[in-house]
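The values are calculated or read from the model by the stated rules, or taken from the named source; none is laboratory data. Keep in mind that what you see is a predicted model, and the values were worked out from it rather than measured. Note: ideal-geometry Cβ built from the backbone for every residue, glycine included; neighbour counts use all protein chains shown. With ligands, DNA and RNA removed, areas are computed over all heavy atoms of the protein, side chains included. Shrake-Rupley method; radii C 1.70, N 1.55, O 1.52, S 1.80 Å.
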Amino acid sequence: MRDVTYLRPRTLSEAVQLYRTTPGCRPLAGGTDLMVMLHARTLRPEPRGGAVLDLWSLAELKGVRRLGDILEVGAAEPYTGIIGSAEVQQHLPALAAAARTIGAAQIQNRGTLGGNLANASPAGDTLPVLLAYDVVVVTDRRSIPIDRFFTGYRKTALESDELITAVRFPIGRQVAFRKVGTRAAQAISKVVLAVSLTPARVAIGSVAEVPLRAHRAEAALEGGDVAGAIAAVADDIRPIDDVRSTAAYRRAVTQNVLRGLLDAFARG
Ligand SMILES: Cc1cc2nc3c(=O)[nH]c(=O)nc-3n(C[C@H](O)[C@H](O)[C@H](O)COP(=O)(O)OP(=O)(O)OC[C@H]3O[C@@H](n4cnc5c(N)ncnc54)[C@H](O)[C@@H]3O)c2cc1C
């Protein structure tokens, strides 16, 4: 940690320039993933020392904005801001619900959507929500549809010098969210789902190497076949046994949670 150079740009364009020109540079938003990795030395900045690029204070990456029928959330807006946003509460309640389950208050005060996306953990709690809303990830140079964003275990479509600036959500979609963990707070998901009926979206975390869309289940839902969707989802997922639960448990819970969310939609 002592060898790491700390860079604090004042504007997004300065940040973009520094990221492109500083070897071994790593963006830092809330630091709730990055600092853990640096301290545990599971991440070693290269070349020796490397640099962190602090995005936390960049005004361009903060806030929640209405752009016509789109709601845009800044990449470095912390979960507390997302939860407290009246626009998010009104138009994206599933995003607010997911943000409320992340860590506890300290983590919600620092953790960001951009960090959750770039970290690309299969257990990232906002990621199924982003898939269910078909969000667009906006970067300093392009827009990436979310279904092309996760390319492998903790891998993304981002170039090595590309910064996420915002996430764009369509307004008007009803999405339901449910996280299953060991406890109500400070728990990594065993299974996490976000579901929409129109269009049919079944997005799931912690059941494969990436957060995924359950395409077989979605096809059944498009045809109004709820029982078929619940049966099919077991074939859409690729859960593993690990310290948090077994593959069999994850498969059963995924089906049960999907049934519960679809029942809730049916009850209105
Ligand atoms: C105690 C604890 C509890 C937690 N609980 C949960 C939980 O319940 N659910 C959950 O999903 N996560 C949880 N996390 C993980 C973490 O809080 C989230 O993933 C959070 O969203 C990360 O955001 P951040 O801003 O802190 O990211 P950072 O740590 O700053 O960055 C994470 C990664 O993203 C990159 N990055 C950050 N911003 C950008 C950007 N704009 N453009 C490009 N790359 C970027 C960084 O270089 C780094 O690789 C927990 C972490 C801790 C320490």
Please work out which one of (1) more than 20 Å from the chain's Cα centre (by Cα); (2) open to solvent by less than 60 Å² (accessible area, probe 1.4 Å) is the condition Tyr79 fails and give its number. (1)
Answer yes or no as to whether Asp54 is over 15 Å from the mean Cα position of the chain (by Cα) and within 11 Å of the ligand (Cβ to nearest atom). yes
Which residues, taken from segment 106-130, are open to solvent by less than 10 Å² (accessible area, probe 1.4 Å) and of a type in the set (A, V, I, L, M)? Leu113, Leu117, Ala120, Leu127, Val129, Leu130
How many residues does segment 17-51 hold that are near the ligand (Cβ under 9 Å from one of its atoms), surrounded by fewer than 17 Cβ atoms within 10 Å (Cβ to Cβ) and modelled with pLDDT of 95 or more? 0
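Among Glu14, Glu60, Glu72, which is the only one that is of a type in the set (D, E, K, R), crowded, with 17+ Cβ neighbours inside 10 Å and more than 10 Å from the ligand (Cβ to nearest atom)?
Values: Glu14 fails: crowded, with 17+ Cβ neighbours inside 10 Å; Glu60 fails: crowded, with 17+ Cβ neighbours inside 10 Å.
After ruling out the rest, the residue left standing is Glu72.
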Kindly indicate whether any position in segment 128-135 is outside any helix (DSSP H, G or I) and without any contact (Cβ under 8 Å) to a residue 12 or more places away in the chain. no
Can you tell me which residues in segment 157-195 are under 18 Å from Leu71 (Cα atoms), part of a loop (DSSP other than H, G, I, E, B) and either open to solvent by 50 Å² or more (accessible area, probe 1.4 Å) or free of Cβ contacts under 8 Å to residues at least 60 places away in the same chain (or both)? Gly172, Arg173, Gln174
Residue check, Glu209 open to solvent by 20 Å² or more (accessible area, probe 1.4 Å), of a type in the set (Asp, Glu), closer than 25 Å to Cys25 by Cα and not assigned by TED's automatic domain parsing to the domain that holds Arg26: no
In segment 91-102, is there at least one residue being touching a residue at least 60 places away in the same chain (Cβ under 8 Å), within 11 Å of the chain's Cα centre (by Cα) and away from the ligand (no atom under 12 Å from the Cβ)? yes
